[in-house]
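Novice: The structure follows.
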Amino acid sequence: MRYPSLIFDFDGTIADTLSAAVGLYNQFADENSFRRITPDELPRLRDLDVRGVLEDLDISKRKLPFLLARGRRLLKNNIASLPLIDGMAEILPRLRENAHYFGILTSNASENVEAFLETHGLRDLFTFISSTTKLSGKHKHLRSIARTFSLNPAEMLYIGDEIRDVRAAKKAGIAMAAVTWGFNSRDSLAAETPLHLVESLEALVDVIIPPPVA
């Protein structure tokens, strides 16, 4: 096994939550006199990290915990209706066969992730689901996961779709597969130099499952 311990981000990596997240943000914007996100500017925002997005939308960092908490609560109401990333239902069982530990580290609420996975019949694949209430600090949680399960960081792979995921994996000393189908753009992820830059699910399989010996 190339990476016996696989840890996934959730939003944008497993679940196709981008449209729902933008819709929730625009609801907040209307309630709090923030600037709405238009479809035309979304590609530009995908090039930015979290700090850049907040600055672009002129949102104080102090308001972020409130927005995240409210977003998680509202997302719970329609989590079962959100789609998987296309093809993920077929790929995850294949990857699970090649991993001893199969987990999720997310900024979403654990109960939201649990409900989503149960709806799609995927909960039993995962060894654990770990949630952090902050957008920063994922590196600390990756290290904690390694300690909790006595994992070798050299054998762990974190799979995520955001700049902050790449930075967290590097701080934790863990290999990173940055997937381009989520929030951040391919170019912005490439600029962070992840160990693996993955542009399709089959490419992710190639990273994780060694080719057969001739």
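The values are calculated or read from the model by the stated rules, or taken from the named source; none is laboratory data. Predicted model only: the values in this text are computed from it and were never measured. Cβ atoms come from the backbone with ideal geometry, glycine included; neighbour counts cover every protein chain shown. Note: areas computed on protein heavy atoms with side chains; ligands, DNA, RNA excluded. Shrake-Rupley method; radii C 1.70, N 1.55, O 1.52, S 1.80 Å.
Novice: Could you tell me which of the residues Ala191, Ala177, Ala154 is free of Cβ contacts under 8 Å to residues at least 40 places away in the same chain, hydrophobic (A, V, I, L, M, F, W, C) and farther than 21 Å from Glu97 by Cα?
Specialist: Ala191
Novice: If Phe34 meets every condition in (1) farther than 25 Å from Ser188 by Cβ; (2) touching a Phe, Trp or Tyr at 6+ places or on another chain (Cβ under 7 Å) apart from one, which number is that one?
Specialist: (1)
Novice: Of a type in the set (A, V, I, L, M, F, W, C), in contact with a helix residue (DSSP H, G or I) (Cβ under 6 Å, 6 or more places away or on another chain), open to solvent by less than 20 Å² (accessible area, probe 1.4 Å) and closer than 18 Å to Asp11 by Cα, is that true of Ile129?
Specialist: Taking the combined requirement at face value, the residue does not satisfy it.
Novice: Looking only at strands (runs of 3 or more DSSP E) that fall completely inside the range 86-187, which ones have 3 or more residues that are more than 28 Å from Leu74 (Cα to Cα)?
Specialist: Hits in the range 86-187: 175-179.
Novice: Quick check on this structure: which one of Leu6, Leu68, Leu24 is under 30 Å from Phe149 (Cα atoms) and buried (at least 17 other Cβ atoms within 10 Å of the Cβ)?
Specialist: Just a single option satisfies the conditions, and that option is Leu6.
Novice: Can you find a residue in the range 156-169 that is acidic (Asp, Glu) and open to solvent by 60 Å² or more (accessible area, probe 1.4 Å)?
Specialist: Scanning the range 156-169 turns up no residue that is acidic (Asp, Glu) and open to solvent by 60 Å² or more (accessible area, probe 1.4 Å).
Novice: Within the range 24-33, work out how many residues are assigned to a helix (DSSP H, G or I) and among the hydroxyl-bearing types (Ser, Thr, Tyr).
Specialist: Here the count works out to 1.
Novice: Just to check your reading of the model, which residue among Leu54, Leu95, Leu135, Leu68 is among the aliphatic types (A, V, I, L, M) and either touching a strand residue (DSSP E or B) at 6+ places or on another chain (Cβ under 8 Å) or more than 29 Å from Leu195 (Cβ to Cβ) (or both)?
Specialist: Leu95
Novice: Considering only residues that are closer than 15 Å to Asp9 by Cβ and not in a strand (DSSP E or B), look in the range 197-206 and name the one that is least open to solvent (accessible area, probe 1.4 Å).
Specialist: Going through the qualifying residues, I end up with Leu204.
Novice: Quick check on this structure: which one of Ala89, Ala80 is closer than 30 Å to Ile209 by Cβ, of a type in the set (A, V, I, L, M, F, W, C), out of contact with any strand residue (DSSP E or B) (no Cβ under 8 Å at 6 or more places or on another chain) and open to solvent by 20 Å² or more (accessible area, probe 1.4 Å)?
Specialist: Just a single option satisfies the conditions, and that option is Ala89.
Novice: Among Pro194, Pro212, which is the only one that is open to solvent by 50 Å² or more (accessible area, probe 1.4 Å) and on the phi < 0 side of the Ramachandran plot?
Specialist: Pro212
Novice: From the list Leu122, Leu75, exactly one residue is within 25 Å of Leu204 (Cα to Cα), of a type outside the set (Ser, Thr, Tyr) and within 18 Å of the chain's Cα centre (by Cα). Which is it?
Specialist: Only one candidate qualifies: Leu122.
Novice: Could you tell me which numbered condition Ile37 fails, if it satisfies all but one of (1) over 18 Å from the mean Cα position of the chain (by Cα); (2) open to solvent by 50 Å² or more (accessible area, probe 1.4 Å)?
Specialist: With respect to (1) over 18 Å from the mean Cα position of the chain (by Cα); (2) open to solvent by 50 Å² or more (accessible area, probe 1.4 Å), Ile37 is out only on (2).
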